[in-house]
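The values are calculated or read from the model by the stated rules, or taken from the named source; none is laboratory data. None of the values given here were measured: they were computed from a predicted structure. To get the accessible areas, we keep the full protein, side chains included, count just its heavy atoms, and leave off ligands, DNA and RNA. Shrake-Rupley method; radii C 1.70, N 1.55, O 1.52, S 1.80 Å.
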Amino acid sequence: EFINQMDYIFLILFTVELALNMFVYMHGFVKDGWLVFDFLTIVLSWAFSSMTIIRSFRIFRAFRLFGRVPSLKKIIKAIASTAEGMMSIVFVLFILFYIFAVMFTQLFAECYDKGCYCAEWDPSETVCLDKG
């Protein structure tokens with residue numbers, strides 16, 4: 001009950017903030033992507049107040065800080081500039097993990113039938129667990 005009341009209070013505060021932004025920016029309101037996002041989030045929150053999934057979109061409002069705080073903006077730009085190089089590393093790791101997954105699945109395939117596992121890394125010696 002308390003959480004629902006706090007949610008309602010914050011929704012009212014966000015609505016007041018949105019109304020003030022609309023008043024201040026008037027014609028430029030639709031040009032700013034964050035203000036449009038705020039508008040859609042608040043309108044959907046009022047329209048579907050019983051759905052909690054809409055409330056979770058409000059957390060994305062915190063991303064606006066990345067554009068307003070210069071040091072955070074620099075950090076985000078630095079992370080974004082390394083994304084291309086990181087994706088190639090992730091791709092190589094994915095291929096490596098896939099090769100080892102296929103290899104070990106083929107190597108130990110008969111060990112996992114009916115809850116068995118291999119003893120001493122020898123697939124011929126299996127120990128079965130009682131699933132009773």
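Odds and ends about this structure:
- For region 15-106, the fraction of 1.4 Å probe accessible surface lying on carbon and sulfur atoms is 78 percent.
- Rolling a 1.4 Å probe over the heavy atoms of the protein chains gives region 33-75 an accessible area of 69 Å² per residue.
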